[in-house]
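Every number here is computed from the coordinates shown, using simple stated rules; none is lab data. What you are looking at is a predicted structure, and each value in this text was computed from that prediction instead of being measured. Positions of Cβ are generated from backbone atoms using ideal geometry, with glycine treated the same way; all protein chains shown enter the neighbour counts.
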């Protein structure tokens, strides 16, 4: 089960992932990110505090937007991931491509430092 | 230990698979992080079969059997679809995945990095993929 919540706070758009992302529901995540891009976001904070599991289907969604984010100058930071999920990002080396930080405050600071 | 599971070939069966692995692996000498990773690797192989070899046809099934010996745990995944031999596929470079905006390929990297041994066998229309995870020394 995956539930998504969107929240706008000033310049930051927050997407909260609740539950598990796998091949049965990664499309929902894909659509949510696409909608945010279309809405013209500049900063995307992904709240992973309640994300208990993510398979390659979900990781692939993040990966597939990295180039587009770079072209459009969108910053994405993921925060709050538990240790097990972080390890999965690390196995793939995704922690080198996507900033992973501890909490929302750190994520906001990261996005607005020059 | 209940060690056999039949899965219908639909992606909604993946959460059932995780629940089964969660229960079965709780008796195995791996730590939480290893258990999580092993679950992921088994799911990646099953998801591949469900989606690519069986086109998500819920009437078809794959079978998972978990065996344990002194050295480690063996996950035996059997199906009767078009053979998908993981070993024939090179894990792509991460850079390539990003540049080509590919959504696939990551699963294979994960399975190869997480498991200690991968074996594949195909005969009489039956494919067996064996994933082996050794216990920490």
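From its DSSP helices (H runs of at least four residues, each -39,500 (n - 2.57)), the protein assembly as shown gives a residue-normalised ellipticity at 222 nm of -11500 deg cm²/dmol. Between B:125, B:72, B:81, the Gaussian network model of chain B with springs among Cα atoms under 10 angstrom shows the greatest mean-square fluctuation at B:125.
Residues B:56, B:129, B:9 in ascending order of nearby Cβ atoms (within 10 Å, fewest first): B:56, B:9, B:129. The slack between residue A:38 and residue A:96, meaning 0.36 nm per residue of separation minus the straight C-alpha distance, is 18.3 nm.
When both bridge partners sit in segment A:2-112, DSSP labels roughly 35% of those beta bridges antiparallel.
At 20 °C and 1.002 mPa s, what whole-number value in µm²/s does Stokes-Einstein give for the translational diffusion of segment B:48-135, with Rh from the Kirkwood sum over Cα pairs? So the translational diffusion coefficient is about 150 µm²/s. When DSSP beta bridges are restricted to pairs lying wholly in the protein assembly as shown, around 70% turn out antiparallel.
Ordered by the count of other Cβ atoms within 10 Å of each Cβ, fewest first, A:90, B:133, B:112 give A:90, B:112, B:133. Normalised by residue number, the volume inside the convex hull of the Cα atoms of the protein assembly as shown is 130 Å³ per residue. Take the Cα of residue A:109, step 7 Å toward its Cβ, do the same at residue B:26, and the gap between the two points is 3.9 nm.
Modelled spin-label separation between residue B:87 and residue B:16, with each label point placed 7 Å from Cα along the Cα-to-Cβ direction: 3.0 nm.
Label positions at residue A:4 and residue B:71, each projected 7 Å from the Cα along the C-beta direction, are separated by 4.4 nm. Springs between alpha-carbon pairs under 10 angstrom, Gaussian network model over chain B: which of B:40, B:94, B:64 fluctuates most? Among B:40, B:94, B:64, the largest GNM mean-square fluctuation belongs to B:94. Peptide A:49-59 shows a mean partner chain C-beta count of 5 within 10 Å per residue C-beta. Using a cutoff of 8 angstrom between alpha carbon atoms and counting only pairs six or more residues apart, the relative contact order for chain A works out to 25 percent.
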